[in-house]
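Asker: After the structure tokens below, expect a handful of questions from me.
Derivation of every value follows stated rules applied to the coordinates shown; laboratory data play no part. Because the structure is predicted, anything quoted here is derived from the model rather than measured. Here the Cβ positions follow ideal geometry from the backbone for every residue, glycine too, while neighbour counts run over all protein chains shown.
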There are 4 protein chains.
Amino acid sequence: MAVRVLGIHSSPRKYGNSFKMLWIALEAARRAGAETAYINLYDLSIGPCFACYSDHFLNCRYPKDPSECPLRGRDDYSLVAEAVLRSDAVVFSTPIYWFMVSGVLKNLFDRMTSLENMIYHSGRSLVDGKVAGVLAAGEEAGASTALSWSVFTLINMGFHVPAWGTAYYHGRGDVLDDKQAVSDSYNVGLNVVRLVKVLRGEEIGNEPWYRFLSDDEYRSLVEEARKAAEEMKAKQRRDRPWLR
Amino acid sequence: MAVRVLGIHSSPRKYGNSFKMLWIALEAARRAGAETAYINLYDLSIGPCFACYSDHFLNCRYPKDPSECPLRGRDDYSLVAEAVLRSDAVVFSTPIYWFMVSGVLKNLFDRMTSLENMIYHSGRSLVDGKVAGVLAAGEEAGASTALSWSVFTLINMGFHVPAWGTAYYHGRGDVLDDKQAVSDSYNVGLNVVRLVKVLRGEEIGNEPWYRFLSDDEYRSLVEEARKAAEEMKAKQRRDRPWLR
Amino acid sequence: MAVRVLGIHSSPRKYGNSFKMLWIALEAARRAGAETAYINLYDLSIGPCFACYSDHFLNCRYPKDPSECPLRGRDDYSLVAEAVLRSDAVVFSTPIYWFMVSGVLKNLFDRMTSLENMIYHSGRSLVDGKVAGVLAAGEEAGASTALSWSVFTLINMGFHVPAWGTAYYHGRGDVLDDKQAVSDSYNVGLNVVRLVKVLRGEEIGNEPWYRFLSDDEYRSLVEEARKAAEEMKAKQRRDRPWLR
Amino acid sequence: MAVRVLGIHSSPRKYGNSFKMLWIALEAARRAGAETAYINLYDLSIGPCFACYSDHFLNCRYPKDPSECPLRGRDDYSLVAEAVLRSDAVVFSTPIYWFMVSGVLKNLFDRMTSLENMIYHSGRSLVDGKVAGVLAAGEEAGASTALSWSVFTLINMGFHVPAWGTAYYHGRGDVLDDKQAVSDSYNVGLNVVRLVKVLRGEEIGNEPWYRFLSDDEYRSLVEEARKAAEEMKAKQRRDRPWLR
């Protein structure tokens, strides 16, 4: 069965640098044989967590009867949760707002407590042994704060993070012009797939865990990513004309 | 004119440890002569930022015509923004979710970009020269991540942060039983007021910037804080019975 | 061939909480069949990095002729580097000083650039595909800052970090009295071994990646850890009588 | 009496971007009437902290009899400590190594515990009410991690941090070509002086706390900074020919 990789994008600019990086990562996953899916959190409504476990550690569970939970059934969280549960690996991509992940991604992580907290109900986190990678883009500083917090949190939910499982871009232009950032994003997608395969007992050979892109690979990736971003932009202009 | 201190609470548990710490800080401010106000973000709806400045750095401003902005007028942000603008100092208090501030506080910070970004419109951030402090409570780790990110961000918005302008509690019980955490919270409230006074040219004497509480002070503060928390809890039980 | 796990301790208190956590992790590794080794950075002298790669990205390499390098041959770095190279997994353990890893551990990470930077010389980081875990202990806050920075850095050197590959203790007493922290430390040691085995193509079954300790296991681990710490303390009292 | 500002540089490249930023900050301080001093930690030997307070909170003090302390008198720490004590404000400048301050700066912060810990001996931290700013330079990510950790730590030692009291550069070229980073560095130096003056009860007017540089100011600052860096480089080439 193909490895399933879910990309979760958390930027209102659905065609921007964090999208392009995610597209590169997902394309790397596809080229490694994975099936990919994509969600943008700005298409959904995910309310803030009520941290029910603070009252009692068993109060937080997934799934649960809507009557028990202040939020479940009233927003789109379970849609994302189900997509995560269907996946072997998740790649998160975020713009950097005030040196950190976007508020919508923070809210999602807070809500994902319900997946991790099942460890107290059933002895196993619902993301136990899945694999994660994280991407971040923003002109100003913050990539290291956003990425280090993200990977630390994901590890504490039960995800593995592979070597070079994060990438960032903090330049002022188009990330696709930056070969380093494109290569790094590519390796995030490639390595989550490779680690899933290893965890399934598949043989993956002895290549280094960082793969340098040839100039040809770089060019072809960039060309396709640019096309995908343009389509996204056209679509977004129709949906949200006030986002230029 | 009295110093005005705004407390912004970002926990759904309106009577919990982060509330108690904030109450102590605001009480310290009152004892130093300040007027205080209090907002809980879980009483409001504050949508995620659309980062309009990413398209053009002049796209983000406060206040702006509702027609220009995807969010203004459609949620309660301007209510918080106005309260911030009326204040000389702001003390933020957050529970720690996944080693960081709560998602609602992250969303507020993201939206406060509109205050800071006025520096490009008028040459002055709308929070220029105000004073800030931050409090964090949570059983697990995360206080240092939440507080260091918060103060760094606030400084970059134009706030000053005074000596010992942050406090945390990461124990498993009631913060009010922890004299260190109560003293630290007290100093946050005291020091934001002292720094505002200094900035106004008022004389504040030569006391150390960290003030140790006497046992009597500690006891009386704790007693009053407990009463305030109980009132909050009774009120919340009426409003949100599913939060026990 | 047995999995080889190296424990790197970076506290001057060689018998303290960060030691005990590391001992638990290494014991977990041994119980999972690994061979373990142990280094305390305070027994060695590791000078600060001169960041030669800043002048040219090829200036930094390992090993290199002592004549080329301002430091190599003049301190004990290569001793640690060789131990890392001989290992399949490394578990770092640090006390928390000012909300971060100790200065000696920061200096070691800075110097380990020479291992990672070989990617530009030979196409492969010298720690490519190894596995890492991190432990942190300290009364005050800082665990999240220290651990998130550590895992993010290790991932960027080429290490994988497994699910629950970090653990901390931030209480005021003896970490061995805290079952959660002992369990967490145990899982760090267990999971680095499990991930190494998976990477070697060995079958490890389908147990959850977080293993709860039975009361008996907890008691026996604690008893042995206490003994090991007492021996360390006796030894240190002879070597460094001014450290009580 | 003139405001005294100490610049502490922690890069082995004494003429590089972190030097230039520090020079700009100190020049801003001088233009605001301050006297400045400069220390490079790579000219000194500062050993790692032994965290004596972990054994008993009164074990750490400054100054102390050399016989009591494992390190005092055996390295150059007291030289830096005395310089800090003589100053009203300190501006730290660091290169970014692995997303964080350099190891030598971490070691200095660890040792500065002796200044802060005097609060338990005399009721007042020895840096109580001083003012601090922080600068960071490095091609890769890390500025936000380094700066947020630094300001949080300094606040917890007893320093105030003014609005825009941090600056960074994460581009690939010469920081002096980046007007934003030069302006930001300038404001760090200016604002620590302004806040010291305010704390002394001096009138500083009602200018915004962020001051935009005119093109002329920018050009003249850059020209002088370049000259200062060239002198440093010539000097360093004589002292350490292996650092090109």
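Asker: Quick check on chain B: of the DSSP beta bridges with both residues there, what percent are antiparallel, nearest 5%?
Answerer: About 5 percent, rounded to the nearest 5.
Asker: Given N residues in segment D:4-239, what is Rg(Cα) / (2.2 N^0.38 Å)?
Answerer: That ratio works out to 1.00.
Asker: What residue among B:L199, B:L190, B:L213 has the largest mean-square fluctuation in a Gaussian network model of chain B, using Cα springs under 10 Å?
Answerer: Of B:L199, B:L190, B:L213, the most mobile in the Gaussian network model is B:L199.
Asker: Roughly how many debye, to the nearest 20, is the charge dipole of segment A:4-239 about its Cα centre, given +1 on each Lys and Arg Cβ, -1 on each Asp and Glu Cβ, and no other charges?
Answerer: 320
Asker: Once you charge only the Cβ atoms, +1 for Lys and Arg and -1 for Asp and Glu, what is the size of the charge dipole of the protein assembly as shown about its Cα centre, to the nearest 20 debye?
Answerer: The dipole magnitude comes to about 0 debye.
Asker: Kindly state, to the nearest 0.05, the FRET efficiency for A:D43 paired with B:R86, given R0 = 45 Å and r defined as their beta-carbon distance.
Answerer: E between A:D43 and B:R86, to the nearest 0.05, is 0.80.
Asker: Could you work out which residue, out of D:L135, D:L147, D:L85, moves most in a Gaussian network model of chain D, that is, has the largest mean-square fluctuation with Cα springs under 10 Å?
Answerer: D:L85
Asker: In segment A:4-239, with Lys and Arg counted as +1 and Asp and Glu as -1 at Cβ, which of these residues, A:Q180, A:C52, A:V131, has the Cα nearest the positive end of the dipole, that is, farthest along it?
Answerer: A:C52
Asker: Copy-to-copy spacing for A:L44, label 7 Å out on the Cα-to-C-beta vector, in nm, shortest first?
Answerer: Result, one decimal in nm: 2.7, 4.6, 5.3.
Asker: What is the calculated FRET efficiency for C:S220 to B:R74, with r their C-beta to C-beta distance and R₀ = 60 Å, to the nearest 0.05?
Answerer: Computed FRET efficiency for C:S220 and B:R74: 0.50.
Asker: Normalized C-alpha radius of gyration of the protein assembly as shown, against 2.2 N^0.38 Å?
Answerer: Normalised by 2.2 N^0.38 Å, the Cα Rg of the protein assembly as shown equals 0.88.
Asker: Angle between the Cα long axis of helix B:77-86 and the longest principal axis of chain B, 0 to 90 degrees, nearest 10?
Answerer: 70
Asker: Sticking with this one: Counting only other chains, what is the mean number of Cβ atoms within 10 angstrom of the Cβ of each residue in peptide B:93-99?
Answerer: 6
Asker: What is the list of residues in segment C:171-195 whose amide nitrogen lies under 11 Å from a point 7 angstrom out from the Cα of B:Q180, following Cα to Cβ?
Answerer: Counting backbone N atoms under 11 Å from the label point, the list is C:171-173.
Asker: Next question, about the same structure. Between copies, how far does the label point of A:D76 sit from its twins, in nm, shortest first, when each point is 7 Å from Cα along Cα→Cβ?
Answerer: Here the equivalent label points are 2.3, 5.6, 5.8 nm apart from this one.
Asker: Using a label point 7 Å beyond Cα on the Cα-Cβ vector, give me the inter-copy distances for B:E231 in nanometres, one decimal, shortest first.
Answerer: Label point to label point, same position, other copies: 6.0, 6.1, 6.4 nm.
Asker: Here is a further query. For segment A:25-140, give the magnitude of the charge dipole about the Cα centre (Cβ charges: +1 Lys/Arg, -1 Asp/Glu; no others), in debye to the nearest 20.
Answerer: Its charge dipole is roughly 240 debye.
Asker: Excluding D:G16 itself, what net charge comes from residues whose Cβ is under 10 Å from its Cβ, given Lys and Arg +1 and Asp and Glu -1?
Answerer: Surrounding charge for D:G16 is +2.
Asker: Counting only other chains, and only Cβ atoms inside 10 Å, what mean value do you get across the residues of D:49-56?
Answerer: Mean partner-chain Cβ count within 10 Å for D:49-56: 6.
Asker: Could you tell me which residue out of C:S150, C:N206, C:S10 lies farthest along the dipole of chain C toward its positive end? Charges go on the beta carbon: Lys and Arg +1, Asp and Glu -1, centred on the Cα centre.
Answerer: Working it through, the farthest residue towards the positive pole turns out to be C:S10.
Asker: Another question, then. Grab the residue from chain A whose Cβ hugs the A-to-B rotation axis most tightly, plus its distance in whole angstrom.
Answerer: It is A:K106, 2, counting Cβ atoms only.
Asker: Using only Cα atoms, tell me the angle between helix B:179-199 and the longest principal axis of chain B; keep it within 0 to 90° and round to the nearest 10.
Answerer: 50
Asker: If you don't mind, another one. Helix A:215-239: angle to the longest alpha-carbon principal axis of chain A, degrees 0 to 90, nearest 10?
Answerer: Rounded to the nearest ten degrees, it is 50.
Asker: Related question: Compute a Gaussian network model of chain C, connecting alpha carbons closer than 10 Å, and tell me which residue from C:I24, C:I96, C:I46 fluctuates the most.
Answerer: C:I46
Asker: Got the relative contact order for segment C:1-42 handy, in percent, Cα pairs under 8 Å and 6 or more residues apart?
Answerer: 62
Asker: Per-residue Cβ counts within 10 Å, from other chains only, averaged over A:107-113: what number is that?
Answerer: For peptide A:107-113, the averaged partner shielding equals 4.
Asker: Work through the residues other than C:V193 whose Cβ is under 15 Å from its Cβ and net out their charges, Lys, Arg +1 and Asp, Glu -1.
Answerer: Combined, the nearby Lys, Arg, Asp and Glu give +2.
Asker: Largest first and in whole Å, what are the equivalent-ellipsoid semi-axes of segment B:1-143 based on the Cα gyration tensor, each being the root of 5 times an eigenvalue?
Answerer: Those come to 26, 19, 13 Å.
Asker: Looking at the protein assembly as shown, send over the antiparallel percent of its DSSP beta bridges, to the nearest 5.
Answerer: 5
Asker: What percent does the relative contact order of chain B come to when contacts are Cα pairs within less than 8 Å and at least six residues apart?
Answerer: The value is 24 percent.
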